[in-house]
Amino acid sequence: MTRPNDEEPMLDVARGDPALSQHLRNSLKLLRERSDDPEFRRLADDIIAGRRGLRDAATSPVFNRALNPQVERFAQRWEELSDEEKAELAARGEADFAASRERIERERRERERWRRDHPDE
């Protein structure tokens, strides 16, 4: 068994929920990759690396400049969905988060087991 990767830093807005933190981090990485704004990319890098909190960054003009158009597009699309489609998306999201939480917990147990079995490494 190889040494497991350490956990990523927890995002402050996730309130201790590793699945939510991971989801937000992945979303931020995607936004970063798709952005042409070098200031936003640097800000996203700082958040992803744990050098800056998402809560603090979310109030910055750089963050708002990059995300406001995305939020507006999402809100428009959301309003176009039927109640059934919204419920289906919510249920799918909950199932995805449940699966992520199970995977994260399994990985945490594997890291603990590895550290217990390799105390000098």
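The values are calculated or read from the model by the stated rules, or taken from the named source; none is laboratory data. Just so you know, these numbers come straight off a predicted model, no measurement behind them. Here the Cβ positions follow ideal geometry from the backbone for every residue, glycine too, while neighbour counts run over all protein chains shown. Quick note on the areas: whole protein, heavy atoms, side chains included, nothing else; ligands and nucleic acids left out. Shrake-Rupley method; radii C 1.70, N 1.55, O 1.52, S 1.80 Å.
When the helices of the chain are scored as -39500 (n - 2.57) per DSSP H run of n ≥ 4 and the total is divided over every residue, the value at 222 nm lands at -24500 deg cm²/dmol. Counting only protein heavy atoms and a probe of 1.4 Å, the accessible surface of the chain is 48% carbon and sulfur. For the chain, the solvent-accessible area of protein heavy atoms averages 73 Å² per residue (probe radius 1.4 Å; ligands and nucleic acids excluded).
Using the Cβ-Cβ distance between residue 96 and residue 68 with R0 set to 25 Å, the FRET efficiency works out to roughly 0.45. Using the Cβ-Cβ distance between residue 13 and residue 77 with R0 set to 22 Å, the FRET efficiency works out to roughly 0.45. Value of Rg to Rh for the chain, rounded to two decimals, is 1.06; Kirkwood radius and Rg both from alpha-carbon coordinates.
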